[in-house]
Amino acid sequence: MSPTRILSIPGSINLRELGGYATESGQYLKWHKLLRSGSLGHLRHEAGDMLEDYGVIFDIDLRSDSEVQTRPDRIPRTISYQQLSVYPFVDQQKGGLFKRLSKKLRGSSVEDQMADTYCQMLTDSHANATYEQLFDILLSNDHPEESVLFHCTAGKDRTGVAAMMIEGALGVPEATIREDYLLTNLVLEAPDQMSHADLRHGANQFVNQMNAHQAETSNYDAIYDLINNQYGSWEAYLTKQLRLSAGDLADLRQLYLTDSPEPKD
């Protein structure tokens, strides 16, 4: 199966490649290394072989216990599975970082509450520990053409935050991080249209459609404000909150970046 932004695997939901995105250093994310997705609980029988052929060796499930029990992933045993639940948050009752920041962030509308949830994913100690484990797995994925797939239910919120963190660690520009996050809404709303679109190196022609999705854009804006106002950069956030070292960040870039935007033959 040829690399493309949206992977057409039977029964998949919002399954996307991060390969080909440009970074501020002039490099590109490697293909066949990072996949984001919604639930894998609807995969058809032949999908497992397709994931294996594509190079997926790690399946990181960010869903809670009840979600996993209701709809377990349907993957071959050859793919290493690990559940790393982002929820529940634990710091609300303990005066954690989010509680100290929450008065500065948002109001009380539904959109504001969802934006607050996004910020909690970046500041809650349990969520931080989960994403820290995800980065440990990313650092262990040191063979070429082998992919880490990470997902939640829709591949939007918990997965979206994970993708922002990874892209931020690799030096992807803010505009592209935003583009990749907002692309989820288009994929879920019009999967047939998206599957025929040329999205190998981005989705600029579609992103303006997301202006009508106030809740989604406010979620991203909340993250952007938090990173810039409280930390100054994704690198500073990852160093402070997820305890990644300068060496870890350098290793990630060695593993996941390349000088060519095209996949290897």
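What follows draws every value from the coordinates through simple rules; no lab data is involved. All of these numbers come straight from a predicted model, not from anything done at the bench. Positions of Cβ are generated from backbone atoms using ideal geometry, with glycine treated the same way; all protein chains shown enter the neighbour counts.
What does the net charge come to around TYR131 if you take all other residues with beta carbon closer than 12 Å to its beta carbon, with K and R at +1 and D and E at -1?
-1
Based on the mean of other beta carbon atoms within 10 Å per residue, what is the order of 123-134, 59-70, 43-54, most packed first?
Peptide ranking by packing, descending: 123-134, 59-70, 43-54.
Sorted by average packing, counted as other Cβ atoms within 10 angstrom per residue and highest first, what order do 14-25, 78-89 take?
Final packing ranking: 14-25, 78-89.
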